[in-house]
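Values in this text are rule-based calculations from the coordinates and carry no lab data. These numbers were taken from a predicted model, which means no experiment stands behind them. Using ideal geometry, Cβ is built from the backbone for each residue, glycine included, and neighbour counts are taken over all protein chains shown.
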Amino acid sequence: MRFPNLDRTCPWLCVGVVVAVCGCGEKGPLRHRVSGTVSIAGWPVSDGMIFFEPDVKQGNSGPSSFASIVQGRFDTAGSPPGRPAISGPHRVRIEAYQPAAYAGGDAAKGQPSVAAPPPAGITLPRQFIIGVTLPSGPSSHTFEIPKAIQAGR
């Protein structure tokens with residue numbers, strides 16, 4: 001028994017299957033979850049951003065990643081949104097922001113309740129850069145910004 005339209009349909013069906021299979025899967029380098037804490041002289045950074053930038057000088061290249069710092073914690077796979085990192089040597093850039101409100105905010109008025117202000121003598125740095133090598137797989141890191149490094153110095 002012969003199917004009349006099979007000669008014309010079969011090539012298109014094969015093309016469709018190939019396109020569907022090739023289009024599946026994640027593109028780009030394998031990314032890994034990075035989480036941890038950020039503090040300045042023991043005080044948890046209550047608001048900020050952390051960026052993981054592949055260190056080209058050490059032979060690492062690829063997309064950078066980031067996460068929000070909230071109440072001293074960050075997670076590249078968490079919420080608020082983040083972006084997981086590739087493995088290898090990275091420059092970690094930390095930006096600490098002055099909190100929008102301090103403890104005791106009023107949620108009904110749209111005032112968030114966040115950590116207390118930094119202790120006397122601690123100035124939030126504009127940014128702090130440190131080197132770290134991320135493993136192939138999820139990892140956790142503690143970043144402590146020394147009190148001596150203040151205001152971007």
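Peptides 51-57, 33-39 ranked from most to least packed give 33-39, 51-57, packing being the mean of other C-beta atoms within 10 angstrom over each peptide's residues. Amide H contacts of PHE143 (H built 1.01 Å from N, in plane; Pro and chain starts excluded): THR37, VAL38, SER39 sit under 5 Å, all sequence-distant by 5 or more or on other chains.
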